[in-house]
1. Wholly within region 16-84, which strands (runs of 3 or more DSSP E) include no fewer than the required count, namely at least 1 residues that are of a type in the set (Ser, Thr, Tyr), in contact with a Cys (Cβ under 8 Å, 6 or more places away or on another chain) and surrounded by 13 or more Cβ atoms within 10 Å (Cβ to Cβ)?
2. Filter region 81-129 down to residues that are out of contact with any Pro (no Cβ under 9 Å at 6 or more places or on another chain) and at positive phi and give me whichever is modelled with the lowest pLDDT.
3. Of (1) out of contact with any strand residue (DSSP E or B) (no Cβ under 9 Å at 6 or more places or on another chain); (2) modelled with pLDDT of 90 or more, Val59 satisfies all except one. Which?
4. What pairs can you find where one residue is in region 52-63 and at positive phi and assigned by TED's automatic domain parsing to the domain that holds Glu94, the other is loosely packed, with under 12 Cβ neighbours inside 10 Å and not small (Gly, Ala, Ser), and their Cβ atoms are less than 8 Å apart, with a gap of 6+ or different chains?
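The values are calculated or read from the model by the stated rules, or taken from the named source; none is laboratory data. If you're wondering where the values come from, they're calculated on a predicted model, not measured in any experiment. FYI the Cβ positions are ideal-geometry reconstructions off the backbone, even for glycines, and counts take in every protein chain you see.
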Amino acid sequence: MSDATSTDGAVDRFDESVAVDRAFRCTDCGRRWYYQRRRCPDCSGTDATTYALETGVLVAVTSVETTPPDVRSPNRLGLARFDGVQLIAQLADEVLSVGDAVEFAGAYRLRDEQERSRPRLSAVDGDSE
């Protein structure tokens, strides 16, 4: 699935072909969401399209000090609001704070053995100094 639905109409869960900078829009009711799921959280529709998330705003940050093996510590995470959706992601830039403009900095695997990639956010050029 890249810009539409899978062949049976259901959004494939954890489909690696869907880039981490994409969100979903229900074709039945218009609801938007970020994390992959098989059905719309509002109408239970199974048809969805994807759209690119451009620039978001960081609305909260936290730092996790106690992490599992092979996960960086401290692990800075941020809650960001994009066009119609919110998501939690690892922060690539240590200087990010609430109110900063953010964009996707690519995907990463939290641990080598994990099956799926996770989103990472960084400052929009020139925003966080």
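1. Fully inside region 16-84 and qualifying: nothing.
2. Looking at residues that are out of contact with any Pro (no Cβ under 9 Å at 6 or more places or on another chain) and at positive phi, I get Gly126.
3. Evaluating Val59 over (1) out of contact with any strand residue (DSSP E or B) (no Cβ under 9 Å at 6 or more places or on another chain); (2) modelled with pLDDT of 90 or more leaves (1) as the failure.
4. Going by the 8 Å Cβ cut-off, there are no qualifying pairs.
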